[in-house]
Amino acid sequence: MKDPGGKGAPKLGLLSVLVVEDSAFIRNVLTATLRTIGVGAVHAEAGGAEAIRFLEERRAALPPGTAPVDVIITDLVMPEVDGLMLLRWLRCSPKSPDRFLPVLMLSGAADRHYVEQARDLGATDFIAKPFSAATIASRLLTAIARPRRFVLAKGYFGPDRRRTQRPVAMDCRMTGPREILVVHSASRAVGIDRFPVIHFDLPNRLGAKMGIAPKDPVPNLPDEVLAAAEAEIQNRAGDYATWIAGEVDELARRVERLREEPAAVPALMAQINRSAHEMRGQGGIFGYPLITRIAKSLYEATQGGFPAVTGNERLLLKAHVDAIKAVMAGRISGDGGATGQQLLASLDRAKKKYAKSDGDGDPA
């Protein structure tokens, strides 16, 4: 696709982005969205391990000093090598192809501790699911046009975690200006061992590649481009309904197996928690915010280790599954009006009813 917007628009056709997402459905949505807004090359991998292999192979095939991609957008919660592990490898490993790569962390688990973990490992930005085409475009263009200086200090390497320079009640930084080495070229960092903190104020080569000058404002894409990208997402709402029907059926089977297979409870609860995490980040993307609310409640109810479950706990999980089924069976979009409120109220009653464990693994 040609760069959108005509003269003065960012040259997104020159941009390459790697999408790392274990959900094939969301991976395809993200890929299609990026291509619709004009990104020239979009690569996709199903997990962190696959992404590392892709980056290593691509680096080996390119001329020395060439970044394998320009930007990475990665999911946070993935099996085996998750987004945080991938980010740690990119920022810290001697095998990293480019420690300065912009990394946008994407997750339905936008809880504070996840955001802080991503920040402290050097994420460029954090995008919460459910997302929109406008959010993806805005965060991508901001990362390109307004890169923060990189900081190397004890226990940290990544973009400056202080995004703005404004007065604070208590400045926790203990390093004075004379103890900071400012480097303007990554290849000329000489004598860095003598300084506790190094600031990398590097030229914005990615911005220059996209045709964005240092003092230019962060560009906006034309409304018609964003509308086309959002339509690309919403056109998949029917596919989402079909996809989630299978997911909910599998979720229901796992809840039933909790009673039938006591030895498998820990693994089953982990799988239920993971499914809830995926659903909480997806429903709102396709016009089903009730799915996000119900799945978030299920995610919270299944947090932590479960060596066993009681009958009340199992019935509480079933109430969540039934609520999700009701939303999709009735195609209850938006807030669902009176029907949606009744559904949420019914779930609240179930949560209160089954809040107390009966302790014996069977309904009281």
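Structural remarks
- Cross-link partners of Lys11 among lysines, defined as those whose alpha carbon lies under 18 angstrom from its own and excluding same-chain residues fewer than eight positions apart: Lys2, Lys209, Lys215.
- Modelled FRET efficiency - R0 35 Å, Arg88 with Arg349, Cβ distances, 0.05 increments: 0.20
- Solvent-accessible surface of the chain, taken per residue with a 1.4 Å probe and all protein chains present: 50 Å².
- In a fully extended conformation the segment linking Ala241 and Lys154 would gain 26.5 nm over its present Cα-Cα distance, using 0.36 nm per residue.
- Net charge of the neighbourhood of Tyr288, taken over other residues with C-beta under 14 Å away and scored Lys/Arg +1, Asp/Glu -1, is +3.
- Region 234-355, accessible surface, carbon-and-sulfur percent (1.4 angstrom probe): 51 percent
- On the basis of the beta-carbon distance and an R0 of 25 Å, Glu256 and Thr339 show a calculated FRET efficiency of 0.40.
- For the chain, modelled as a GNM whose springs connect Cα atoms under 10 angstrom apart, the maximal fluctuation among Asn204, Asn235, Asn273 occurs at Asn235.
- Note on semi-axes √(5λ) of the Cα gyration tensor in Å: of the candidates [x] 41, 25, 19; [y] 31, 26, 19; [z] 35, 25, 18, the value calculated from this structure sits at [x].
- In this simple spin-label approximation, Thr142 and Glu230 carry label points 7 Å from Cα along the Cα→Cβ vector, and these lie 1.8 nm apart.
- DSSP bridge orientation in the chain - percent antiparallel, rounded to nearest 5: 25 percent
- Reducing region 30-61 and region 251-279 to their Cα centroids gives an inter-centroid distance of 32 Å.
- Over the chain, DSSP H runs of length four or greater, each weighted -39,500 (n - 2.57), average out per residue to a 222 nm ellipticity of -15000 deg cm²/dmol.
- Dipole orientation for region 239-364: of the candidates Ala326, Pro307, Ala252, Ala326 has the Cα lying most toward the positive pole (charges on Cβ; Lys, Arg +1; Asp, Glu -1).
- 22 Å Cα-Cα threshold exceeded, pairs from Lys129/Lys318; Lys318/Lys351; Lys318/Lys353; Lys296/Lys325; Lys296/Lys318: Lys129/Lys318
- As a fraction of the 1.4 Å probe accessible area of region 4-114, surface on carbon and sulfur atoms comes out at 52 percent.
- Taking 10 °C and 1.306 mPa s as conditions, region 1-146 diffuses translationally at an estimated 103 µm²/s according to Stokes-Einstein applied to its Kirkwood radius (Cα pairs).
- Selection among Thr66, Leu106, Ser297 by position relative to the dipole of the chain gives Thr66 as farthest towards the positive end (Cβ unit charges, Cα centre).
- Computed from point charges on the beta carbon alone (+1 for Lys and Arg, -1 for Asp and Glu), the dipole magnitude for the chain about its Cα centre is near 1240 Debye.
- Loop-located trypsin sites (Lys or Arg not before Pro) across region 110-158 with a Cβ neighbour count of 10 or fewer within 10 Å are Lys154, with loop assigned by DSSP.
The values are calculated or read from the model by the stated rules, or taken from the named source; none is laboratory data. Just so it is clear, the structure is predicted and the values come from calculations on it, not from any experiment. Ideal geometry is used to build each Cβ from the backbone, glycine not excepted, and the neighbour counts take in all protein chains shown. SASA here: full protein model, heavy atoms, side chains in, ligands and nucleic acids out. Shrake-Rupley method; radii C 1.70, N 1.55, O 1.52, S 1.80 Å.
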